[in-house]
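Report on the following structure.
The values are calculated or read from the model by the stated rules, or taken from the named source; none is laboratory data. Predicted, not measured: the structure shown is a model, and the values here were computed from it. When we count neighbours, we look across all protein chains shown, and the Cβ atoms used for this are built from the backbone with ideal geometry, even at glycine. With ligands, DNA and RNA removed, areas are computed over all heavy atoms of the protein, side chains included. Shrake-Rupley method; radii C 1.70, N 1.55, O 1.52, S 1.80 Å.
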Amino acid sequence: MAAEHSPSPQAGAVVTGGNAAVAAISYLIDYAQRTVLFWDVMRQRGNGYRDHMAMAVPHVLDYAAELVVDGRTLERPVNYGLVRIVPPEGVEIDPKRRPFVVVDPRAGHGPGIGGFKADSEIGVALAAGHPCYFVGFLPDPMPGQTIEDIARAEAVFLQAVIDRHPEADGKPCVVGNCQAGWAVMMLAAVAPELFGPIIVAGSPLSYWTGQSGLNPMRYTGGLLGGSWLTALTSDLGHGRFDGAWLVQNFENLNPANTVWKKPYNLYANVDDEAPKYLGFERWWGGHVNLNADEMQFIVDELFVGNKLAAGEVRSSTGTAIDLRNIRSPIVVFCSKGDNITPPQQALGWILQLYDDVDEIRSYGQTIVYSVHESVGHLGIFVSGGVARKEHGEFASNIDLVDVLPPGLYEAVFVPKTGDTLNPDLAHGDWVMRCEARTLDDIRRLGGNTADDDRRFATVARMSEVNLALYKTFAQPVVRAMVTAPMAEAMYRLHPLRLQYELVSDANPFAAPLAAAADWVRQHRRPADPDNPFLAWQDRVSEQIVAGLDAWRDWRDGASEAVFQAVFGSPLVQAFYGVDPQSEAPLRRAGKSALHRELVERRIAELRDKIPVGGLREAVVRAIVYVGLPRASVDERGFEMVRRIRSASEKTRAVPLAEFKTLLREQFFMLLIDPEAAVAAIPSLLPDDPAARAEGLAIIRQALSACGEPTGEMETRLRRVVRMFGGEAGPSLTVVPREATVREAS
């Protein structure tokens, strides 16, 4: 939304006599005209809502799309579908680049927010030359569909994308927004062969976790008595869970924005703000539904149960879903300004699964996270600035993410300036750098204490009890009382739905608004920006916002205090079977002795391969060895390697997947036995001096793309130079890029 009125410095000046009267009259005219225009925008919003919901497949995609797979035709039909995004005119797609598949959340709103506008996840991926696909859904679920059915359908979708791009550099990059993020992660854990890099944006993977005083939404389940209310809501909907209730939960988090800031911003800037407001409301009001089983699974297993990160979610066949089985790089994008999915919920699963970074590496996993300082939950998906920066950089550098050595990294974005070295090697207006991190960096973001975890574990037990009581004693009565017509009437009368329906052309009392607004536009007389009454109007607005924020803070504080007092009570904890004295981690993933055995076997295999290889292995091992002290990977270095690979006849045939395997093996060798791995480099080199010189040129060019090696890196580089038969001292000067490419060719 645009900013509120920003009156000039003279706006608060005192006016008297005739000037005050003129200013007052001007303001009153402006006030009256803006009121008419505001309500006409509300009328347009209602009409847009009705038109949107009347569509066979309502969505807000800004791109043309072609249906590839209709989920309703599958053996287990679902209301999901896969479409191919048709590139706009002037956008060139490289068929060899890995496709992107964007999956939108089914969390009360309709599909399309991932491609809401040009500056979006789909938009930046198209701009980077990637083929794009989108997974959307219809407003109503298919009868009997489950979360597991949706996962099976998405597996079919991904296989269809893979089959359509046999020449692509890698498997599809899958983007999961909000609740689609955990769904994508669950599928990747059971079908890892279908995935390239995974980007989860604003996704709650560890719902219990948060910070005291900041994340009130996680207390809701306990304060409402657990998930029995979800079952009741579904029963009142005759087996349908109305997504408008989810949207209302989001709106209740920030009453100042819902009740006042958003409508006031439109009112104060009604001449310019209407198109942007209506575009967003078209998505925000496009409520979709879930069936009872789907919603109950989400609440019981994820929100209240917090079972995903602990490996306690099981398929219908009894298979445990273990996120450690994911073999693709995982990019987690979250924000400190997100009060729905704070960083602790987006990243807490890492602490639940792993003891340290070495354990992450032992599973061959690469995890990259990025924490925005301020953007809100919706801004992660709809903000043009976020799309151009974070999403744009991830799209442009997804191959870099794919080949990163296993470990934990933070993606850091540095703006390009006149002093940026080799700016042509970096995409867009930012330079992306992946810096090595440890689990302590995640812990420093904040999280739960053992006391907090016991409280939430008590809620989970209470929820199971209350749900069982409801199903046994109340559910049969509710289902007998609620008929289909009664459920439909309650659905239509939901407050969020009524606010659109009542102010639309369907209401005859709203009919005069259109004509009145046309007349106002023809005779529009906005007040001068320095009118003092505009400044006073803004001050009143600020006071209203402050009052609503104070109410929200009191409400959230009281909710947290009640939650902590009730579920922190040793008596309550003991009653529900939680040991009040226990300090043992709750909902922690178990360890596997078989995994340790497999790791030891793999270490032995890599030790045996240390002296095996040729120039290619020697070059990659040398680059990793010299670059390790830097503890980061810069996109410019990877782009240089990519250009050399593209220009060299000898390396052109190396697929990205093979290069990734090669890089990971050399990295692990240097971790297992660094001295033996380095000492073996000369034995890998050919006798041909020209070939050695070519390899050394590639090493120099890749390492210097983001800055000259210094300190320990320089010492290591000198050692490598001697191994390759080069000269130390002046010979460390970087060879011009053009010369290196010619030599490599």
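Summary table below
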{"read-out": "Normalised contact order of the chain, rounded percent, pairs of Cα under 8 Å and 6 or more residues apart", "value": "17 percent"}
{"read-out": "Which labelled figure in (1) 1.01; (2) 0.97; (3) 1.12 is Rg/Rh (Cα atoms, Kirkwood Rh), once derived from the coordinates", "value": "(1)"}
{"read-out": "Accessible area of the chain belonging to carbon and sulfur atoms, whole % at 1.4 Å probe", "value": "57 percent"}
{"read-out": "Centre separation in Å (Cα based) which lies between the stretch 515-573 and the stretch 191-247", "value": "25 Å"}
{"read-out": "Protection-proxy order for peptides 36-46, 586-596, 563-573, each taking the mean of Cβ atoms within 10 Å per residue, highest first", "value": "36-46, 563-573, 586-596"}
{"read-out": "Under 19 Å from the ARG521 label point (7 Å along Cα→beta-carbon), backbone N, the stretch 255-281", "value": "266-281"}
{"read-out": "Zone residues, the stretch 435-463, relative to GLU583, backbone N less than 16 Å from point 7 Å out along Cα-to-Cβ", "value": "449-454"}
{"read-out": "Filtered GluC sites (Glu not before Pro), the stretch 146-189: DSSP coil and at most 10 other beta carbons within 10 Å", "value": "GLU167"}
{"read-out": "For the stretch 428-585: rounded, prolate or oblate by the Cα gyration tensor [a/c cutoff 1.5]", "value": "oblate"}
{"read-out": "Vicinal HN-Hα couplings computed from phi for the stretch 143-160 (Karplus, 6.51 cos²θ - 1.76 cosθ + 1.60; Hz; Gly/Pro x)", "value": "x, x, 5, 10, 4, 5, 4, 5, 4, 4, 5, 5, 5, 4, 4, 5, 5, 5"}
{"read-out": "Potential extension, THR472-THR417 segment - 0.36 nm per residue separation minus Cα distance", "value": "13.2 nm"}
{"read-out": "Tilt relative to the chain, helix 656-672 - C-alpha long axis, 0 to 90 degrees, to 10", "value": "70 degrees"}
{"read-out": "The stretch 368-445-the stretch 63-86 distance, computed between alpha-carbon centres (Å)", "value": "31 Å"}
{"read-out": "Cα gyration tensor category, rounded, prolate or oblate, for the stretch 532-639 with a/c compared to 1.5", "value": "oblate"}
{"read-out": "Dipole of the stretch 248-390, positive end: most advanced residue of VAL332, ALA268, ASN289 [Cβ charges, Cα centre]", "value": "ALA268"}
{"read-out": "Degrees separating the helix 615-627 axis from the principal Cα axis of the chain, which is the longest one", "value": "60 degrees"}
{"read-out": "Solvent-accessible area per residue for the stretch 352-441 (1.4 angstrom probe, square angstrom)", "value": "33 Å²"}
{"read-out": "Per residue, in Å², the accessible surface of the stretch 194-344 once ligands and nucleic acids are set aside, probe 1.4 Å", "value": "30 Å²"}
{"read-out": "Segment PHE575-THR233, extension gain: residue separation times 0.36 nm, minus the distance between their alpha carbons", "value": "120.4 nm"}
{"read-out": "Per residue solvent-accessible surface (Å²) - the stretch 89-152, probe of 1.4 Å", "value": "32 Å²"}
{"read-out": "Full-extension gain in nm, SER559 to ALA693, via 0.36 nm per residue minus C-alpha separation", "value": "41.4 nm"}
{"read-out": "Shape of the stretch 186-237, Cα gyration tensor, a/c cut at 1.5", "value": "oblate"}
{"read-out": "Cleavage-rule hits, GluC sites (Glu not before Pro), the stretch 543-616, DSSP coil, Cβ neighbours within 10 Å at most 15", "value": "GLU583"}
{"read-out": "With Cα atoms, 0 to 90° folded angle of helix 17-54 axis to the chain main axis", "value": "70 degrees"}
{"read-out": "Mean residue ellipticity (222 nm) of the chain, computed from DSSP H runs ≥ 4 via -39,500 (n - 2.57), nearest 500", "value": "-15000 deg cm²/dmol"}
{"read-out": "Where a label projected 7 Å from the Cα of ASP505 along Cα→Cβ would reach, residues of the stretch 245-280 with amide N under 18 Å", "value": "278-279"}
{"read-out": "Rounded to the nearest 20 debye, dipole of the chain from Cβ charges on Lys, Arg, Asp, Glu", "value": "480 debye"}
{"read-out": "Pair ARG539, LEU594: separation of 7 Å Cα→Cβ label points (nm)", "value": "7.2 nm"}
